[in-house]
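Right, one structure below, let's go through it.
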Amino acid sequence: MSLIQPRTLSGFRDILPELMMPREELIATAQRVYRSFGFAPIDTPALEYLEILSGKGSDETDRQLYRFRDNGSRDVGMRFDLTVPLARFAAQHVPKLGTPFKRYHIATVWRGEKPQRGRYREFMQCDFDTIGTKSVAADIETGLVIHDLMRAIGFEQFTIRVNNRMVLNGLLEKLGLVEKSTDVLRALDKLAKIGREKVVAEMMATAGATAVQANAVLKLAEFAGSNNEILDEVATLVSGNETGEAGVERLREVLSGAMAAGVNESHVKLDVSIARGLDYYTGVIFETFLDDLPTIGSVCSGGRYDNLAGLFTKQELPGIGASLGLDRLLAAMEELGLIDQVRTPAPVFIPFFDKERLGDYLRLAADLRASGIGVEVYPDPKRLGQQLKYADSRGFAIALIAGYDEFEAQTCQVKNLGRGESAEVSLATGIDELLAQIESILTAS
RNA sequence: GUGGCUGUAGCUCAGUUGGUUAGAGCAUCGGAUUGUGGUUCCGAGGGUCGGGGGUUCAAAUCCCCUCAGCCACCCCA
């Protein structure tokens, strides 16, 4: 009989313990930060009616959508982001939930894209959104969540790029380019990558802009200096246009609000050239890059939208939110060497050393677990040296060694595997001394 | 979805102009050492040369297709 070749689909992958453990930690960190701002968790189905997902109807999402006919002949699709499901969810439940409604949603999404480094066909997003308010406070808070999240994960070298669609739209109105805005913005967005000349050429080619128009748009994106200096320059450029002026004012409030909340200016950069993000963004836009690995792309993006659920309800639901690309961030951290090589989730190891005493080992482990310490007992009574070798390769912090001698004396050796030191503690009156010993080793390492 | 580069053991890679039975280091497992790991020594397992087809007396090596990874485009977390 021929064997089936074990393999995974392009863009899909297995996650081994040494990657899954930091991944779970990342999820826990995101949950903690979101909750600290009052965002509540929700979940939605992975599968939706096709019409829900493709309602927006853009060619691109259509191409990337995993879709099929289910066993009941329904046309269904797998969610490709968490925002469209949120829109459906909000339209369905907002009467019960009330607004403002703040939710976070950590879940897997699927896109049939061509995979690359940090780009998968199955990946996890960690979204948080505030719907039902147009307040600038929510805009500011969104920036703060991104900032706190990045720092909680352990990053100091990151830049949150901020812009406002209204500034761009205002300028385009002024220049008479509004109806070509998508093409213009798409070209503008490539500025950092392909340079000024090519951007001008592309604007002229795809958007039908004149050289004068193209250069005027580029002028906006080329101001240098502090955030406030850039803002002042931009303000003069869009002056006279209501949309643009409102956009500048909003950006000023967002930036000063973030500073007021204690965000360091090095982490927030006004960048008038970032234009993308999904079509539904209408106000403030965020994109977050790692200073040490900018080529992997944005690891947390989001923005404000006027009417999230317009496809599903007549009730207008404005909101703002962002999405942490967990798997992309993890790929970046792996590449930057920020992933610990520990392969055990439990810090304490008990060698199964005296084969007559399995019950005692299990009892000791149970007592420690009851005190909140993770403990693994080796399953086979092999040579002690081999068991310690195993403990070492998995990254255990502590081994508790007890054999005939220790059991006779009612003691146990506490071996610090990091330092190679061993101490003997008494178990005659309980495990308090042992716990204290373990805690001191764990806090030191 | 379009174009390009790459693919030999779990990992990193050798492998001559096509020429016997495809090698090394690391990792794994066992032993030296049946009560003390990260060092050392010895040994073992592990390969459809990504897969399929073709050219040839002969293919890891040349050709075609396919799968996967990476890069660019598109788009995006």
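Tabulated data for the structure shown
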{"item": "Size of charge dipole - chain A - debye, nearest 20, with Cβ of Lys, Arg +1 and Asp, Glu -1, no other charges", "result": "1240 debye"}
{"item": "Whole-number accessible area per residue in Å² for chain A, which is evaluated in the context of all protein chains at 1.4 Å", "result": "50 Å²"}
{"item": "Shape call, the stretch A:348-444: gyration tensor on alpha carbons, a/c limit 1.5", "result": "rounded"}
{"item": "Among A:Ser239, A:Ala261, A:Asn228 - extreme Cα towards positive end, dipole of the stretch A:220-304, charges at beta-carbon", "result": "A:Ala261"}
{"item": "Local electrostatic count at A:Leu435 - Lys and Arg +1, Asp and Glu -1, tallied over other residues with Cβ under 12 Å", "result": "-3"}
{"item": "Euclidean distance between Cα centres, the stretch A:60-109 to the stretch A:182-200, Å", "result": "32 Å"}
{"item": "Listed residue (A:Val167, A:Gly77, A:Ala309) projecting farthest to the positive dipole end of chain A, Cβ model", "result": "A:Gly77"}
{"item": "Summed residue charge, Cβ within 15 Å of A:His147's Cβ, Lys/Arg positive, Asp/Glu negative", "result": "-3"}
{"item": "Net charge dipole size for the stretch A:335-399 [Lys, Arg +1 and Asp, Glu -1 on Cβ; Debye, nearest 20]", "result": "180 debye"}
{"item": "Candidate residues A:Leu317, A:Leu336, A:Leu435: accessible-area rank, largest first, probe 1.4 Å", "result": "A:Leu336, A:Leu435, A:Leu317"}
{"item": "Accessible carbon and sulfur surface of the stretch A:348-444 relative to its total accessible area, %, 1.4 Å", "result": "47 percent"}
{"item": "With all protein chains modelled, accessible area of A:Lys190 [1.4 Å, Å²]", "result": "70 Å²"}
{"item": "At most 12 other Cβ within 10 Å, DSSP loop - trypsin sites (Lys or Arg not before Pro), the stretch A:227-281", "result": "none"}
{"item": "Whether the stretch A:1-114 is rounded, prolate or oblate, judged on the alpha carbon gyration tensor where a/c under 1.5 counts as rounded", "result": "oblate"}
{"item": "Separation in nanometres of the label points that stand 7 Å from Cα toward Cβ, at A:Glu51 and A:Glu249", "result": "4.2 nm"}
{"item": "Net lengthening on full extension, A:Ser10/A:Ser371 (0.36 nm per residue, minus Cα-Cα)", "result": "125.5 nm"}
{"item": "Contact order normalised by residue count of the stretch A:348-444, Cα under 8 Å, 6+ apart, percent", "result": "25 percent"}
{"item": "Net +/- balance of residues flanking A:Leu336 in space, Cβ distance below 11 Å, scoring K and R +1, D and E -1", "result": "-4"}
{"item": "Among A:Ile373, A:Ile438, A:Gly418 the positive-end extreme of the charge dipole of the stretch A:348-444 (Cβ point charges)", "result": "A:Gly418"}
{"item": "Total charge dipole magnitude, the stretch A:348-444, about the Cα centre, Cβ charges on Lys, Arg, Asp, Glu only, Debye to nearest 20", "result": "440 debye"}
{"item": "Prolate/oblate/rounded call for chain A, Cα gyration tensor, a/c under 1.5 rounded", "result": "prolate"}
{"item": "MRE, 222 nm, helices only [DSSP H, n ≥ 4, -39500 (n - 2.57), over chain A, to nearest 500]", "result": "-13000 deg cm²/dmol"}
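The values are calculated or read from the model by the stated rules, or taken from the named source; none is laboratory data. These numbers were taken from a predicted model, which means no experiment stands behind them. Glycine also receives a Cβ, built like all others from the backbone with ideal geometry; neighbour counts cover every protein chain displayed. The area values use the complete protein model at the heavy-atom level, side chains included, leaving out ligands, DNA and RNA. Shrake-Rupley method; radii C 1.70, N 1.55, O 1.52, S 1.80 Å.
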